[in-house]
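Structure first, commentary second.
Please treat every number below as a calculation from the coordinates, not as lab data. Bear in mind that the values here come from a model prediction, so they are computed numbers and not experimental data. Positions of Cβ are backbone-derived with ideal geometry, glycine not excepted, and every protein chain shown enters the neighbour counts.
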Amino acid sequence: MRAGFTTSVIMHAALIGFGLFSLSAPSAFEVADVEALPVDIVPMEDITQIQQGDKKATMQEKAAPTPTQRPDIVADAQKAGENSVDTDKLITPEAKPKPVQQSNTPPPSPTPTEKPAQEDAPKPKEEAKPTPATEVAPKPQPKEEVKPDPVKEPDPKPQPVKEPEPAPKPPEQNTASIEALSKPDPVAEAIASEKPVEEAVKLPDAAPAPQAKPRPQPAQAETAKAPERKDADKPAKEAASKPKSDEKEFNADDIAALLDKQKASGGGAKRSSQQASLGGEKTTSGNRLSQNEMDALRQKLGGCWSIPAGVDDAETLKVSVRFHLDRSGALQDRPEVIKGGASSGPGRTAAESAVRAVQKCAPFNLPTDKYDSWSEVVVNFDPSDMF
Amino acid sequence: MENIALAEPAAQLSIWALFMQAGWVVKLVMLGLLGASIWTWAIIVDKLVAYGRMKLTLNRFEQVFWSGQSLEELYRTLADRKTTGMSAIFVAAMREWKKSFEKGAKSPLGLQNRIDKAMDLALTREMERLEGRLGFLATIGSAAPFIGLFGTVVGIMTSFQAIAASKNTNLSVVAPGIAEALLATAIGLLAAIPAVIAYNKLSSDAGKLGVRMEGFADEFSAILSRQIDEKVAQRV
């Protein structure tokens, strides 16, 4: 027995020793590092439902939105400052301050000499110059400005275009201004207004000239826009403009001209070179009402509907009603019975009750972005569904 | 030893670490099972050796017995030796035979009975010696899995309590406790499986030896009975 026991002990010791050293720690599982993918559950309708396109276009394999109407701003547009034309010259910013200077200068009257020298069309400018020269005149002008504009809406163009016009005014205004001072403006306006119109007709040639002139002369720069108001504004601004002009020369507009004038919306996101495919006005998150929304609508209508009692034939109570809603969910017109109902008897009662139900529930609270789908609603009133 | 990349390095999973982490109940169970296993293997080794030796002696005795040697002579050589197996039965029978004849037994029937009794006794004693301790193997075979299971249940119970206290259900927190608890069952099975197999084998071996000795006893009894009849006939 002792032999057996010792062999057993030796055997176990050997086994355990072997186990301790060889069976030590099992190696860890090699778990592949798999990145967890976030999974969102997106309703299929969001994708399959209406995307932007043309309502009348044929189906195309690839969805394309309607090309935008407004030409997108070209990426490297050089329309700087207040230019209405696409040029790379930075003219505009200086335009405003200088007319003011001119208006300031007139008293010394250096300007008159300059303008004629540069431009062949002497009439407008020479005439224009007198206006500043006669310092008395400016005062009446501002008054005129305010009033004539509203009065003569058709005429505004001739006025701005022609610097010359103001010229004639001053002499008259000088006379008239005295009157104008004492008299109410309308008289002066009438006088002033008639003449500009006449002259506008007379001097079509002269009109373009002043516009053209300013461009070559950045110094005097009277741009197309500027001349319009300047004649009128000059006097008004004189007082205020002097300080401003100094400031502007230093910074604001120069810097503004250097800034990128491109609008933030100028990107080409919506731009499509392809023909528009079938789609709605804009991409919506599913155009069709969801089952929940339809259910809510149905339930609401069911609550508003009082089923005519005492009719044994349920078939006669089946009524289909069509009605149009505006964006706020309100009824646009009287609901129209398009199916079922009758001109008399229980059928008529049923039809009327259905119409009443719609009217009673009237402002419907439906998702605005799906307006396309519920602008027109057809509801089937069936008493068997209600129970 | 490689460090495990899992969880905290403190939770080692080597067998020794598992054992050391276990609670005292589980430790006790594991140690008990280890002891049982050792004892089981001791018995197995002992029995295998004993049975092999027994088989050898049986073979040698049978060879000698059937070699035509005089029974008297054989008895004289075996009488003062320590005998096992068939030789023990032979010696027991011969001793009874001698006692009865030397004192001049009257009834051959009584003599026959006494010889049979003596041989039965010797046979039983031999069988008892052969089959002794086999019962322990049977017990271990059936009980060790349960003991191991007990250790596992206790271990898992405590580890779950610990998990509940730590308020962390991460698998790397749960796993070591369960692994440690399962070690108890593993040891239980480790002890039980060889025990069961060895019990079946050893008991069948013992049965075979017993049958062989019984056969010899019957045969020898027949021989002696013939001798008795011959003696009686001579007297008459």
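Computed quantities for the displayed model
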quantity	calculated
Cut-off 15 Å between beta-carbons: net charge of the residues surrounding B:THR84, Lys and Arg +1, Asp and Glu -1	+3
Relative contact order (%) - chain B, alpha-carbon pairs under 8 angstrom, separation at least six	32
Inter-chain Cβ neighbour average for residues A:15-22, partner chain, 10 Å	2
Magnitude of the charge dipole, region A:291-386, Cβ model with Lys/Arg +1 and Asp/Glu -1, debye to 20	240
Derived scalar couplings ³J(HN,Hα) [region A:252-258; Karplus, 6.51 cos²θ - 1.76 cosθ + 1.60; whole Hz; x for Gly, Pro]	3, 6, 4, 5, 4, 5, 7
In region B:71-180, lysine pairs with alpha-carbon atoms under 20 angstrom apart (chain gap of 8 or more, or interchain)	7
Set of region B:213-234 residues, backbone N closer than 15 Å to the point 7 Å along the Cα-Cβ line of B:LEU109	B:229
Prolate/oblate/rounded call for region A:291-386, Cα gyration tensor, a/c under 1.5 rounded	prolate
Förster-model FRET efficiency, 30 Å R0, A:LYS339 and A:GLU293, C-beta, rounded to 0.05	0.80
3J(HN,Hα) from dihedral phi, region A:354-366, Karplus parametrisation 6.51/-1.76/1.60, rounded to Hz, x for glycine, proline	5, 4, 4, 4, 5, 5, 5, 7, 2, x, 8, 9, 10
5 angstrom amide H check on A:ILE338, placed H, neighbours 5+ away	A:SER320, A:VAL321, A:ARG322
For region B:127-132, Karplus couplings with θ = phi - 60° (6.51, -1.76, 1.60), whole Hz, Gly/Pro x	4, 4, 5, 5, 8, x
Ordering of B:154-165, B:35-46 by burial proxy (mean other Cβ atoms within 10 Å per residue, highest first)	B:35-46, B:154-165
Centroid-to-centroid separation of region A:353-387 and region A:314-349 [C-alpha atoms, Å]	10
Under 12 Å, Cβ to Cβ, from A:SER306 - net charge with Lys/Arg +1 and Asp/Glu -1	+1
Positive minus negative residues near A:ALA351 (Lys, Arg vs Asp, Glu; Cβ under 14 Å)	+2
Unit charges on C-beta of K, R, D, E only; dipole of region B:67-209, Debye	400
Using a Förster distance of 41 Å, the FRET efficiency for A:ALA3-B:ALA164 (Cβ separation, nearest 0.05)	0.20
Computed FRET value (nearest 0.05) for A:ALA28 with B:LYS201, which takes r as the C-beta separation and R₀ as 45 Å	0.65
Residues B:LEU71, B:LEU111, sorted so that the one with the fewest Cβ neighbours within 10 Å comes first	B:LEU71, B:LEU111
